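K.L.:
What follows is a structure written as structure tokens; I'll ask about it next.
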Amino acid sequence: MPEGDTVYRAAHRMDDALAGAEVTEFDLRVPQLATADLTGLWVDHVVPRGKHLLHRIGSWTLHSHLKMEGEWHVYRRGERWRKPAFKARAVVGTAHWQAVGFEIADISLVPTAEEEEIVGHLGPDPLGDDWDAEEAARRVQADPRPVHVAILDQRSVAGFGNVYANEILFVRGVDPHTPAVDTDARAIIDLGARMIRANRDRSARTFTGENRPGRRFWVYGRDGAPCRRCGTRIRATTLGADPTRERNVFWCPVCQPGTP
Ligand SMILES: [Zn+2]
């Protein structure tokens, strides 16, 4: 699942390719936006905001969210796409480059002046220029729900997905079921911010410091495998803000005490 670091890298690749250039190709392959045309306008910037992407073009913002399957690719003009064309939902092209959004479930076009209506609800973003750890921690600390759920609430802190929530809580030694109000939210937030910043320029995300496949996570996806610290079997369950948002949760009952 794309997390804030993936979105950050995608935004920066597209910004490098597109910013300052005129749009020569603009094709949104979703029914309600099929007639939108921003050709002839200039790309100002492509910016990440939590897990949202904002292409600012002229006085418009093309907003997209990668959800579970979405990806943006950048190609030199004429280069062969790495995914089938029928999966493309958006193409933004300039004289030299094409940015292609594949399998993007959530895409919209709004005047940039109204961008806040789409992303204004988001909490502080650890990859943003205006990162406010104190405010993010305050919001998480005020949450009575399990800390795993609290960290994923994008209104409190924007950018962490399920992989981060699992890995952060392992490294902090916090049981994921613990009510967020009973945790040291500031320490959790600070650790998460360090992790996502360390990963933002890496193509393969790692939490353990190891880059070999299968060695990058402490607990995520390791149900039943031995804890890398103490050898205890990693446990798994699901937690979510509601039944539609249940996420897989992994933890070591010894390294993360407090398990019911
Ligand atoms: Zn352990």
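The values are calculated or read from the model by the stated rules, or taken from the named source; none is laboratory data. None of the values given here were measured: they were computed from a predicted structure. Methodologically, a virtual Cβ is constructed for each residue, glycine included, from the backbone with ideal geometry; neighbour enumeration extends over all protein chains shown. Ligands, DNA and RNA are stripped out before the accessible areas are found, and what is left, the full protein with its side chains, is counted by its heavy atoms. Shrake-Rupley method; radii C 1.70, N 1.55, O 1.52, S 1.80 Å.
K.L.:
On the given criteria, is Val171 in a helix (DSSP H, G or I) and within 16 Å of the ligand (Cβ to nearest atom)? Talk me through it step by step, then tell me what you get.
P.N.:
Working: in a helix (DSSP H, G or I): yes; within 16 Å of the ligand (Cβ to nearest atom): yes.
So Val171 fits the description; yes.
K.L.:
Which ranges mark the helices (runs of 4 or more DSSP H) fully within segment 79-158 that have 1 or more residues being closer than 24 Å to Asp44 by Cβ and among the small types (Gly, Ala, Ser)?
P.N.:
Values: elements: 116-119, 133-141, 147-152.
So the answer is none; nothing clears 1.
K.L.:
Check whether at least one residue in segment 155-165 is farther than 20 Å from Gly70 by Cα, among the basic types (Lys, Arg) and open to solvent by 20 Å² or more (accessible area, probe 1.4 Å), and report yes or no.
P.N.:
The first filter runs over segment 155-165 and keeps only residues farther than 20 Å from Gly70 by Cα, leaving 155-157, 165.
When the remaining residues are screened for being among the basic types (Lys, Arg), the result is 155.
Then keep just the ones that are open to solvent by 20 Å² or more (accessible area, probe 1.4 Å); that gives 155.
Within segment 155-165, one or more residues are farther than 20 Å from Gly70 by Cα, among the basic types (Lys, Arg) and open to solvent by 20 Å² or more (accessible area, probe 1.4 Å).
K.L.:
Is there a residue in segment 50-64 that is open to solvent by 10 Å² or more (accessible area, probe 1.4 Å) and under 22 Å from Ser203 (Cα atoms)?
P.N.:
Quick first cut of segment 50-64, residues open to solvent by 10 Å² or more (accessible area, probe 1.4 Å) only: 51-52, 56, 58-60.
Add one more test, that the residue is under 22 Å from Ser203 (Cα atoms), and what stays is 51-52.
Looking for residues that are open to solvent by 10 Å² or more (accessible area, probe 1.4 Å) and under 22 Å from Ser203 (Cα atoms), one finds at least one in segment 50-64, hence yes.
K.L.:
Hey, another quick one. Among the listed residues His45, His12, which satisfies the condition of being under 29 Å from Ala204 (Cα atoms) and in a strand (DSSP E or B)? Please lay out each step first, then the result.
P.N.:
Working: His12 fails: in a strand (DSSP E or B).
When all the criteria are applied, what remains is His45.
K.L.:
Shifting gears a bit: Considering only segment 90-105, state which residues are within 19 Å of the chain's Cα centre (by Cα) and open to solvent by 10 Å² or more (accessible area, probe 1.4 Å).
P.N.:
Scanning segment 90-105 gives Glu103, Ala105.
K.L.:
Filter segment 1-27 down to residues that are within 25 Å of the chain's Cα centre (by Cα), surrounded by 15 or more Cβ atoms within 10 Å (Cβ to Cβ) and not hydrophobic (A, V, I, L, M, F, W, C), then give me how many there are.
P.N.:
Residues that pass the stated criteria total 11.
K.L.:
Right, another one. Those residues that are among the charged types (D, E, K, R) and free of Cβ contacts under 8 Å to residues at least 60 places away in the same chain, I need them from segment 1-27; list them, please.
P.N.:
Initially, segment 1-27 is screened for residues among the charged types (D, E, K, R), giving 3, 5, 9, 13, 15-16, 22, 25, 27.
Asp15, Asp16, listed by residue number.
K.L.:
Quick one: in segment 205-260, which of the residues that are open to solvent by less than 80 Å² (accessible area, probe 1.4 Å), near the ligand (Cβ under 10 Å from one of its atoms) and assigned to a strand (DSSP E or B) is nearest to Asp182 (Cα to Cα)?
P.N.:
Trp251
K.L.:
Let me ask you something else. Being among the β-branched types (Val, Ile, Thr), touching a residue at least 40 places away in the same chain (Cβ under 8 Å) and open to solvent by less than 60 Å² (accessible area, probe 1.4 Å) narrows it down to one of Val47, Val30, so name that one.
P.N.:
Going through Val47, Val30 in turn, the sole match is Val30.
K.L.:
Tally time: how many residues in segment 106-148 are open to solvent by 10 Å² or more (accessible area, probe 1.4 Å) and β-branched (Val, Ile, Thr)?
P.N.:
4
K.L.:
Turning to a different aspect of this structure: Quick check on Ile188: is it away from the ligand (no atom under 16 Å from the Cβ), open to solvent by less than 70 Å² (accessible area, probe 1.4 Å) and among the β-branched types (Val, Ile, Thr)?
P.N.:
Working: away from the ligand (no atom under 16 Å from the Cβ): yes; open to solvent by less than 70 Å² (accessible area, probe 1.4 Å): yes; among the β-branched types (Val, Ile, Thr): yes.
Yes, satisfied.
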